[in-house]
Amino acid sequence: MEKGLKKGERAVALFAFAFIGGFTIWFIVAGNYEFIFYIVTMLFFALLVGLSLRTAEYPVPMLWALSFWALAHMAGGGVPIGGSVLYNLHLVPIIENELFFILKYDQLVHAYGFGVTAWLLHHLLTRHYPATIGTWTASVYPVLGSMGLGATNEIIEFTAVLMVPETNVGGYMNTALDLCFNALGAVIVVTVIGFVGRRERAAKVEAGQS
């Protein structure tokens, strides 16, 4: 088994460290110390992924998906728009009242990011425990795990609130919506994985009988 980075993995790594480096400089110049905290956290998780590459053998599309999530997250906090930042951008007025607005850029990124997280957890579970392939365990556990990591993300945001006087994290309603969109993204992705997996298994059975 190859110990270093494979060709596709090198491309992802170069892309990720390029935009992380660029946004790090941007945040320092802008004095956005909240997101410096996030970058440190992100580099920690990038290190975990890097150290487990050969054990986990993450698909390259999954690594790209994780990188785009990181890029969307940093752009959300670093790209100014309309007197605020991209994270507060209103996209589609699905629900709009005095308490909250759906759909915002922030909510879309949460759904996407923790959908990717559920995909990653499903991959790890079925890779290391093949007997779970096609079972409810392979569907339910990644969703619950993704929701748990989403809650951990909210703890990190709360820590940022305590450490940095002014943040774009939002209040209780924002946290609740974040958790809901985390769960929604995870459920959608695991449902798609289950549907695709059933079709692939059915195709293999049909091929074996022909």
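Any read-out appearing in this document is the output of simple, stated calculations on the displayed coordinates, not a laboratory observation. Nothing here was measured: the structure is a model prediction, and the numbers come from that model. A quick note on method: Cβ atoms are made from the backbone with ideal geometry, for glycine too, and the neighbour counts reach across all protein chains shown.
Per-structure values
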{"item": "Ala72-Arg10 pseudo-label distance in nm [points 7 Å out on the Cα-to-Cβ vector]", "result": "2.9 nm"}
{"item": "Degrees separating the helix 172-209 axis from the principal Cα axis of the chain, which is the longest one", "result": "20 degrees"}
{"item": "Fully extended contour minus Cα-Cα distance, from Thr132 to Leu89, at 0.36 nm per residue", "result": "11.5 nm"}
{"item": "Where Rh is the Kirkwood radius over Cα pairs, Rg/Rh for the chain", "result": "1.01"}
{"item": "Computed [θ] at 222 nm, deg cm²/dmol, the chain (DSSP H ≥ 4; -39,500 (n - 2.57); rounded to nearest 500)", "result": "-26000 deg cm²/dmol"}
{"item": "Protection proxy ranking, peptides 183-192, 18-27, average beta carbon neighbours within 10 Å, highest first", "result": "183-192, 18-27"}
{"item": "Reachable aspartates and glutamates, given that their alpha-carbon falls under 19 Å from the alpha-carbon of Lys6 and they are not under 8 places away in the same chain", "result": "Glu57"}
